[in-house]
Amino acid sequence: MRLCVVGNGPSAPKHAESIDKCDVVVRVNSWPCDTAGRKWTVWASAFYPSIGQFAMGMHKLSPRIPKVSELWIFGEQPILDGLPLRADVKRDHMPAVRRAELEELLGARPTGGFMAVIKALEREPTELCLTGFDPEGGHWWTGGGLEWGGARCAEVHNLLREHSYYADLVAGRECFGLKRPVRVEWWR
């Protein structure tokens with residue numbers, strides 16, 4: 001299975017065609033609907049306003065988006081329990097203990113994108129593609145008045161450390177206790 005995790009960085013729109021060719025496409029946080037490809041299988045979020053937007057049907061705003069089949073929440077289980085989601089949307093979350101392990105590994109709070117990459121690796125894809133994870137950080141868009149620029153992001157997260165792990169994955173180095181090799185491409 002070829003799985004692509006699409007972050008919010010400026011590289012994402014350049015790879016729309018390649019994104020849409022993947023079997024599973026994971027979009028992170030409040031990703032804008034019709035700019036970086038059309039395929040959208042999983043919505044992954046640690047950012048609570050974007051979770052609320054999902055629950056209110058934001059994914060219906062663009063007719064180009066097919067129905068999202070899964071929601072990965074990197075918060076506590078009760079948040080999932082309280083969301084008014086369609087019955088067919090599979091819900092999953094990352095336990096607090098796992099998030100704490102990642103925080104210790106990074107020395108900072110992991111981004112939603114980093115947690116989405118970890119969750120994607122747990123699916124054991126044959127190939128993992130990353131895009132929108134740009135070294136300068138920040139988003140290539142602004143949505144709903146919520147701006148998350150590189151400097152503000154760097155105050156909370158360790159993007160350099162996260163990107164060093166992405167580079168390790170691409171180079172095929174041992175990372176995150178992978179049980180089998182995964183081919184990783186980082187589209188920038």
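The values are calculated or read from the model by the stated rules, or taken from the named source; none is laboratory data. Remember, predicted model here, so these are calculated numbers, not experimental data. Here Cβ is always computed from backbone atoms with ideal geometry, including for glycine, and neighbour counts include all displayed protein chains.
Structure notes:
- When residues of segment 125-146 are limited to those that are at pLDDT below 90 and among the acidic types (Asp, Glu), the one nearest to the chain's Cα centre (by Cα): Asp134
- Residue list for segment 165-175, restricted to those being closer than 13 Å to Val117 by Cβ and either modelled with pLDDT of 85 or more or exposed (fewer than 15 other Cβ atoms within 10 Å of the Cβ) (or both): Tyr165, Tyr166, Ala167, Asp168, Leu169, Val170
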